[in-house]
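**Q** First the structure, then my questions, so here it is.
The values are calculated or read from the model by the stated rules, or taken from the named source; none is laboratory data. Please read all numbers here as calculations on a predicted model, not as lab measurements. Heads up, the Cβs are rebuilt from the backbone with ideal geometry, glycines too, and the neighbour counts pull from every protein chain shown.
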């Protein structure tokens, strides 16, 4: 009898157990999800879907009855297995794409295809889906888009022309290298106006690396890299159209076609932008925002080869007519007749830019490819009566060879860059036998790089790299770097990035604020290149829970500069440039939380705290100052709320904290300079936007919303000396535009639609 006792004990257990078999397929909106994870919550039962997305699993419903399905880069789902409407033998599960791009394949961190989660270099991804959700405006430019990443923000540089730049970890636009499809394109002259002509429609995603990247990308990659990846023609519908109008009399038209020739596919895009509106809410006599006409053509071909190796060639032409000033200058397009007038102040900037770039993979060996580009940038400008003309031609080519040896992945590269620059400023003046002549700058820069990625285990990845460039005037420049990635757990990553930077400064191409004013520019010495040393620690955690999935991201950063070039505004008549006798640094912490709930609600919360300072050593007395236009605190909040499967409400908010401002002086009604300057610290502010997106038919979309909901504007005029009674507006010797720190562009309503015709190729 004692031998039968266990049998009788097991009888109720067997009776109460409800073992069921579960079969199904996992897909996304765009196709099969191979190797997705399937598990029974609160149990040890789980499996992985096969290559075709199929899975098989047994479950005991008497103990656990919730099925959990997840796939990186997609919104996880839960199912109650007790639901009588569910066919457990034929489940068809569709996971929605996660707009935060956690499962993207990226190239920017190491010049190799890697998943975001696997890269030893932290890469932030902004997908086109995220851009369309939170920045649907056809006029959204790269500087606005980048703000979706913690630690990045838009910096307004000029109170009339409203040029802007990208600040990453407290370092302004010229310290960031901007790439198009992995190729350096937008340095120097193009860093001011060239980015405005890249329409959202051609962007597949943005890959952003915060931290030193000069080993791979050379000079300018001190603060980081922004890589704009354009769309693959094979993945786009035959016709795409995006049309938008705004309450500020601005209109956008974006058109794209994907023709094919045999097995080769092309992408042809046209962007047109026009704005003609005059607002002067601050009553300083100048327009509160720019007027413009912009036209851009983009053409990209993916050429078929029997070897299946990539051959890509792309071209882009961009023209912009940008202007602002007093009302008499703008009305009825008067500026075309009176550019350079000495009585009616206005700024007019004509930009013509041509680009050709591409990639060629050699068939005779694996991992050997050529990247190439040529850009021609012409700028013809008037700032009042000051005529500014600049031309820049950049040729770039780089061969890379990728080889794997056991646990080592070796990358070798050789590059040539030729930068021809000329303008009509003192930047290109030269003294020849006591006679001042114009002398164009021609930099021929050959370089080599080596990078070794070593993975001693699944948890550890090490990257060591070195780049050597040779400059005409500065000789050999060395840019070493080191990266460490450690995974204590499956979804937790720790990264350490160390590197150096080197930057040649082109004052008149990168800082137009002083050109717009009447202050005299003084360069006290031959400016030496800036040098930097940086370290960044990053931790990233991907999780499931809280009725969804998400990730936590945290950065600690520090950059030390020598030879830092800092403009001195302390004299109301001059802007003085020289290499700092001391040092400068940027340090801080930034973080982000991205979470998507099972019902599709998504939240993205970010913050950045930075301290950017420099020292001056005068008469053996060292003084420490905060860098201008660098807020100590900033942050963002993005929300996505699906109303149903077709409609969603999206909002975005940006907060900018207190920052140091240039020293400028008011004028009284008699034209006398005040004894005390304006406040040298700004007040914090925030900008809030909202939009509603809806799918109306065949995946066509309509969108509408409001920018700057609460109509925030910079309280005081960004201009100084505009009220000088002794001169016409804009022509006072004290006229200065550097006090701009917040938008003057008020509330704006927009309405647009996206039309897609034809299936993807």
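**Q** Being modelled with pLDDT of 75 or more and either closer than 30 Å to residue 235 by Cβ or not assigned by TED's automatic domain parsing to the domain that holds residue 551 (or both) narrows it down to one of 9, 75, 15, 32, so name that one. Quick ask: steps written out before the conclusion?
**A** Values: 9 fails: modelled with pLDDT of 75 or more; 75 fails: modelled with pLDDT of 75 or more; 15 fails: modelled with pLDDT of 75 or more.
None of the other options fit; the residue is 32.
**Q** Here's a follow-up. So, in region 129-183, of the ones that are assigned to a strand (DSSP E or B) and in contact with a helix residue (DSSP H, G or I) (Cβ under 6 Å, 6 or more places away or on another chain), which residue ends up nearest to residue 74 (Cα to Cα)? Walk me through how you get there before you give the answer.
**A** Going through region 129-183, the residues assigned to a strand (DSSP E or B) turn out to be 152-156, 164-168, 171, 176-180, 183.
Okay, now just the ones that are also in contact with a helix residue (DSSP H, G or I) (Cβ under 6 Å, 6 or more places away or on another chain), so 152, 154, 164-166, 177.
Details: 152: 25, 154: 29, 164: 34, 165: 32, 166: 29, 177: 30 Å.
Filtering first and then ranking leaves 152.
**Q** Within region 372-392, which residues are within 15 Å of residue 737 (Cβ to Cβ) and in a strand (DSSP E or B)?
**A** Matches in region 372-392: 381, 382, 383, 386, 388.
**Q** Give all pairs with beta carbons closer than 7 Å in which a residue from region 265-289 that is on the phi > 0 side of the Ramachandran plot meets a residue that is in a strand (DSSP E or B) and crowded, with 16+ Cβ neighbours inside 10 Å; count only pairs at least 6 apart in sequence or on separate chains.
**A** What qualifies is 285/326.
**Q** Whether any residue in region 299-312 is buried (at least 20 other Cβ atoms within 10 Å of the Cβ), under 30 Å from residue 344 (Cβ atoms), assigned by TED's automatic domain parsing to the domain that holds residue 366 and under 23 Å from the mean Cα position of the chain (by Cα) is what I want to check.
**A** No: zero hits.
Let's see how each residue does on (1) buried (at least 23 other Cβ atoms within 10 Å of the Cβ); (2) over 15 Å from the mean Cα position of the chain (by Cα); (3) without any contact (Cβ under 8 Å) to a residue 24 or more places away in the chain; (4) assigned by TED's automatic domain parsing to the domain that holds residue 313:
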position	(1), (2), (3), (4)
210	yes, no, no, no
218	yes, yes, no, no
235	no, yes, no, yes
238	no, yes, no, yes
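**Q** What's the number of the condition residue 712 fails, among (1) modelled with pLDDT of 90 or more; (2) surrounded by fewer than 17 Cβ atoms within 10 Å (Cβ to Cβ); (3) in contact with a strand residue (DSSP E or B) (Cβ under 7 Å, 6 or more places away or on another chain)?
**A** (2)
**Q** Scan region 348-360 and tell me whether some residue there is without any contact (Cβ under 8 Å) to a residue 12 or more places away in the chain, in the same structural domain as residue 277 (by TED's automatic domain parsing) and either surrounded by fewer than 22 Cβ atoms within 10 Å (Cβ to Cβ) or part of a strand (DSSP E or B) (or both). Show your work before the answer.
**A** At the first step, the residues of region 348-360 found to be without any contact (Cβ under 8 Å) to a residue 12 or more places away in the chain are none.
No, there is no match, as no residue in region 348-360 is without any contact (Cβ under 8 Å) to a residue 12 or more places away in the chain, in the same structural domain as residue 277 (by TED's automatic domain parsing) and either surrounded by fewer than 22 Cβ atoms within 10 Å (Cβ to Cβ) or part of a strand (DSSP E or B) (or both).
**Q** In region 387-419, how many are within 30 Å of residue 341 (Cα to Cα) and loosely packed, with under 15 Cβ neighbours inside 10 Å?
**A** Result for region 387-419: 2.
**Q** Show me the strands (runs of 3 or more DSSP E) found entirely inside region 450-569 where at least 2 residues are within 28 Å of the chain's Cα centre (by Cα), under 22 Å from residue 175 (Cα atoms) and at pLDDT below 90.
**A** The strands (runs of 3 or more DSSP E) meeting that bar are 475-489, 492-503, 530-545, 548-562.
**Q** Just to be sure, is residue 321 closer than 20 Å to residue 346 by Cα, outside any helix (DSSP H, G or I) and over 31 Å from the mean Cα position of the chain (by Cα)?
**A** Values: closer than 20 Å to residue 346 by Cα: yes; outside any helix (DSSP H, G or I): yes; over 31 Å from the mean Cα position of the chain (by Cα): no.
The answer is no for residue 321.
**Q** Kindly indicate whether any position in region 159-166 is farther than 25 Å from residue 272 by Cβ, touching a residue at least 60 places away in the same chain (Cβ under 8 Å) and surrounded by 24 or more Cβ atoms within 10 Å (Cβ to Cβ).
**A** As a first pass, look at region 159-166 and keep what is farther than 25 Å from residue 272 by Cβ: 159.
When the remaining residues are screened for being touching a residue at least 60 places away in the same chain (Cβ under 8 Å), the result is 159.
After this cut, where a residue has to be surrounded by 24 or more Cβ atoms within 10 Å (Cβ to Cβ) as well, the list is 159.
Yes, because at least one residue in region 159-166 is farther than 25 Å from residue 272 by Cβ, touching a residue at least 60 places away in the same chain (Cβ under 8 Å) and surrounded by 24 or more Cβ atoms within 10 Å (Cβ to Cβ).
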